[in-house]
Each structure stands twice: as structure tokens, then as C-alpha cells.
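Report on the following structure.
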Amino acid sequence: MKNMLTEHPSEEVRRALLHLLDALCSWERSTGRENLLIVKDAIGCQYRSVSGCPTPKDTGDHTLLELFDSIMNR
């Protein structure tokens, strides 16, 4: 798995992802609403975060979805 934020071959995609992450973090700080982000593409690049924090590489998407559901149901 390649990190989409640092290893994607398109600089435009890397910039767009960084811009999205910045916007989500700003949104969370101003609203208190947490977020889950999972982005994957067919060339093997991925990026996953929960409330702005990158997730461990060995954590599966299903686990992240369950975690986010538990956050939302607090």
C-alpha cells in the first residue's frame, strides 16, 4: 500500500487530498463533528484518517467503519 498523500504520482491529487484534510480538520475544530476519510485508487494508493489522524496501516476499513459508528453513537 502506498500513501496517497506522499506517494501518488499526481501532484494535483496529492494537493487536493491535503486541501481536503485541511478543510476537514478546520470543520471539526469549528463544529466538533468528527470525520472518517478513506480514499483508495486502482494504482494501490490509499489514505485513511479518523478525525484528522492517520490510521495504522494494519487497521482494516471495516474496523475503521465500526470505530466511526461507535464515535457517532456516543
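Throughout, read-outs are computed from the coordinates displayed, never taken from laboratory work. Computed from a predicted structure; not experimentally measured. Here the Cβ positions follow ideal geometry from the backbone for every residue, glycine too, while neighbour counts run over all protein chains shown.
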> Of all the residues that make up the range 20-33, how many are under 22 Å from residue 57 (Cα atoms) and without any contact (Cβ under 8 Å) to a residue 12 or more places away in the chain?
Replying inline: 1
> Which of the residues spanning the range 17-74 are closer than 18 Å to residue 3 by Cβ, exposed (fewer than 13 other Cβ atoms within 10 Å of the Cβ) and small (Gly, Ala, Ser)?
Replying inline: 42, 44, 60
> Within the range 43-74, which residues are in a loop (DSSP other than H, G, I, E, B), of a type in the set (A, V, I, L, M, F, W, C) and out of contact with any Pro (no Cβ under 8 Å at 6 or more places or on another chain)?
Replying inline: none
>> I'm trying to understand the selection: among the residues of the range 12-40, which are under 19 Å from residue 65 (Cβ atoms) and part of a loop (DSSP other than H, G, I, E, B)?
In response: 33, 34, 35
>> I'm told residue 14 meets every condition in (1) over 15 Å from residue 2 (Cα atoms); (2) surrounded by 11 or more Cβ atoms within 10 Å (Cβ to Cβ); (3) free of Cβ contacts under 8 Å to residues at least 12 places away in the same chain; (4) over 12 Å from the mean Cα position of the chain (by Cα) except one. Can you identify the failing condition by its number?
In response: (1)
>> For the range 42-71, which positions are closer than 21 Å to residue 32 by Cβ and without any contact (Cβ under 8 Å) to a residue 12 or more places away in the chain?
In response: 53, 54, 55, 69, 70
